[in-house]
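Colleague: My questions all concern the structure below.
Derivation of every value follows stated rules applied to the coordinates shown; laboratory data play no part. Source: prediction; values computed, not measured. Glycine gets a Cβ as well: all are built from the backbone with ideal geometry, and neighbour counts include every protein chain shown.
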């Protein structure tokens, strides 16, 4: 079974655009992009149109390997000259008084095609899809959230333990296969020289700034603060999201019987799913759990769950208070534990034109549904397709 074989197999559309007017502080556009990473496209639009990238407002970061429809704002006095290119289209809708910010949307509509489905898999897929609107799925953060994690190496975990040297070593030497060759080569060079960073010549600005700061101060903590703020926030967000996932897993293990749950791998470990969820079981699960932060107020259940997860990590809540040292902080907010997809539909199996090769025994199945903002459609596909 294959997901996202082509961009058209994964479509996302934002729900909740503002009502437009004939005048206002900001221009509102509908953006459709195909196979493009959001940050890259924003940087491109900013450069092409002479607009500072920080003046471009969006409500959510959409998947690169997809066709996505989302909304975008720019100040009313600015103009976007290029509205149509091979990988994107922009449509001017009118004016609004509020700039779009991350999170300022209600949710997203999804249409997802699973391909290369064999005949023997179909019955199991429909069985898992049955009742999903009622039972829902755990509202985990999925693998997309952990793009900054290489070999399960959470850089912020070193930071909260006060080990800034290994935090810097991870940042400067670990790399993904998709990184440019010049960046990989510079990271290999740093690893060869470690911990002696003197005399290393680097062309990658983000790496050079950290190395220069350490050579100047011989202070790993000061060097860490030279990592760009947005990247440090990604490190923190990834680890906080991982901790929340671990709390939900523990909660489900404690609430449900062993034979009612099963695991599915994801980028940084395993997620726990349930086969079904009765109303009685649903009532045992709290509506929300808080993302962990050092100054949080906890229910008795949260104290037990969070305490066990942090203990397993070798941490306490106090360890997460890194704001004075780094200027970064673990913000606390509520997140729903279970989400129920709205308007869930699953198509009849159809012959898969990309993989069948004329044999008429390989199928495709289309799912469509809505999720609230911040929830991952790939968690729904994991529940139904086990991947």
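Colleague: Listing 68, 217 from the residue with the fewest other Cβ atoms within 10 Å to the one with the most, what is the order?
Modeller: Lowest to highest Cβ neighbour count: 217, 68.
Colleague: Also, quick follow-up: Assuming R0 = 51 Å, what is the FRET efficiency of residue 102 and residue 348, from their Cβ-Cβ distance, to the nearest 0.05? Display every interim value, and only then the final one.
Modeller: Numbers: r = 38 Å, r/R0 = 0.74.
Step by step, r from the Cβ atoms, then E = 0.85.
Colleague: Between residue 267 and residue 193, what length comes free when the chain is fully extended (0.36 nm per residue of separation minus the Cα-Cα distance, one decimal in nm)?
Modeller: This chain segment gains 23.6 nm when fully extended.
Colleague: Considering only 122, 15, 200, give the residue with the highest GNM mean-square fluctuation for the chain, with springs between Cα atoms whenever their separation is below 10 Å.
Modeller: The residue that fluctuates most here is 200.
Colleague: Could you rank the peptides 346-358, 302-314, 229-241 by their average count of other C-beta atoms within 10 Å per residue, with the highest value first?
Modeller: 229-241, 302-314, 346-358
Colleague: Neighbour counts of other C-beta atoms within 10 Å: give me 65, 151 arranged from fewest to most. Walk me through the numbers on the way to the answer.
Modeller: Working: 65 16, 151 8.
In order of increasing Cβ crowding within 10 Å: 151, 65.
Colleague: Determine, at each q value in 0.13, 0.20, 0.23 (inverse angstroms), the log₁₀ of I(q)/I(0) that the Debye formula gives when each Cα of the range 17-105 is one equal point scatterer.
Modeller: The Debye formula, applied to the Cα set alone, gives -0.36, -0.91, -1.23.
Colleague: Mean separation of Cα pairs under 8 Å and 6+ residues apart, divided by the residue count of the chain: what relative contact order is that in percent? All intermediate terms of the calculation are to be shown ahead of the outcome.
Modeller: On the way: 632 pairs, mean separation 81.6, N = 387.
Averaging sequence separation for qualifying contacts and normalising by length gives 21 percent for the chain.
Colleague: Next up: Need one number: nm distance between label points at residue 54 and residue 387, each 7 Å from Cα along Cα→Cβ, rounded to one decimal.
Modeller: The modelled label-to-label distance comes out at 4.4 nm.
Colleague: May I ask for the Kirkwood hydrodynamic radius of the chain, worked out over all distinct Cα pairs and given in angstroms to one decimal?
Modeller: Values: mean 1/r = 0.0427 Å⁻¹.
After inverting the mean inverse Cα-Cα distance, the result is 23.4 Å.
Colleague: Return the single residue from 226, 87, 290 with maximal mean-square fluctuation; model: Gaussian network over the chain, springs between Cα atoms under 10 Å.
Modeller: It is 87.
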